[in-house]
Amino acid sequence: ELLSKKKPHAEEEKRPVVVKDRKRDYVNEAFRVVRTNLEFMLGHAGDKVIMTSSFNPGSGKTFLGMNLAISYAIKGKKVVVVDLDLRKASLSTYVDSPKQGVAAYLNGDVKDFHEVLVCGTLREGLDVLPCGVLPPNPAELLYSANLEKMIKTMREEYDYVFLDCPPVEMLADSSIINKFVDLTAFVVRAGLFERSLLSKLDEMYKEKRYKNMALILNATTVL
């Protein structure tokens, strides 16, 4: 089991980092394959902003997004990961959930997001922008002009930008964020995803509701 059990934000344990230098086990090879496929799907020069989301909580979007970001950093790329799940802030546990982060930047309490970046603690070349204190008005914060400004700046400063977002069908947050991204990495977890949702997933893809949508199947059995 690669995902830690869900706990309240204040008590949540740090999720595992499984992508390592020069490791050739099946997990590391799987992340290399996903990384290569995402590079192919991004295609165009300047496409670099990747949003991770899912239908269900517990699908592994945060775990996959962070480890994919680390795989790019191992490749020598400059990468930033932003915790935009302002309701749970699970990704922030990777850097011990600092009290200030992107929420304070979006509401104007922090003037420059660089001030609250956590740089290089997980891997050289990898920066993390945590959530900070969970805000009472997450959806409203995502309408802040600071979000577009931040992502525009990150496009100029980084090779890849990963945005960890809430599940798409529960909340409007992901739809708000999606207009600023180049690719949507949609995570489906085996044993959790309901087959009845397949038609809805297909509809989302055909209607291009989320930009450049890629499906990642998580937690399959290794034979």
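The values are calculated or read from the model by the stated rules, or taken from the named source; none is laboratory data. Keep in mind the model is a prediction, meaning the values are calculated, not measured. Here Cβ is always computed from backbone atoms with ideal geometry, including for glycine, and neighbour counts include all displayed protein chains. Note: accessible area is taken over every heavy atom of the protein model, side chains too, but ligands, DNA and RNA are not part of it. Shrake-Rupley method; radii C 1.70, N 1.55, O 1.52, S 1.80 Å.
Between I70, I50, I176, the residue with the greatest mean-square fluctuation in the GNM of the chain (Cα pairs under 10 Å linked by springs) is I176. Cross-link reach is defined here as a Cα-Cα straight distance under 12 Å, omitting same-chain residues fewer than 8 places apart; for K211 the aspartates and glutamates meeting it are D47, D182.
Annotation: per residue accessible area for the stretch 66-130 equals 37 Å², rounded to a whole number [probe 1.4 Å, protein chains only]. Taking a Cβ cut-off of under 12 Å around A73, the surrounding Lys, Arg, Asp and Glu residues balance to a net charge of +2, with basic ones at +1 and acidic ones at -1. Using only Cα atoms, locate the centre of the stretch 28-68 and the centre of the stretch 125-192, then give the distance between them in Å, rounded to an integer. If you average the Cα positions of each part, the centres end up 13 Å apart. Database remark: amide H of A185 closer than 5 angstrom to the amide H of M51, T52, S53, A214 (H placed geometrically; neighbours at sequence offset of 5 or more, or on other chains; Pro and chain starts carry no H). When the chain is treated as a Gaussian network with alpha carbon springs shorter than 10 Å, the biggest mean-square fluctuation among L38, L86, L198 belongs to L198.
When the listed pairs K75/K206; K61/K200; K78/K179; K61/K152 are checked against a 30 Å cut-off, the alpha-carbon distance exceeds it for K75/K206.
If R0 is 30 Å, the Cβ-Cβ spacing of K208 and K99 corresponds to a FRET efficiency of close to 0.20. Think of a 1.4 Å ball rolled over the protein heavy atoms: the stretch 183-223 then has 68 Å² of accessible area per residue. Helix-only arithmetic for the chain: the sum of -39500 (n - 2.57) across DSSP H runs with n ≥ 4, divided by the residue total, places the mean residue ellipticity at 222 nm at -9000 deg cm²/dmol.
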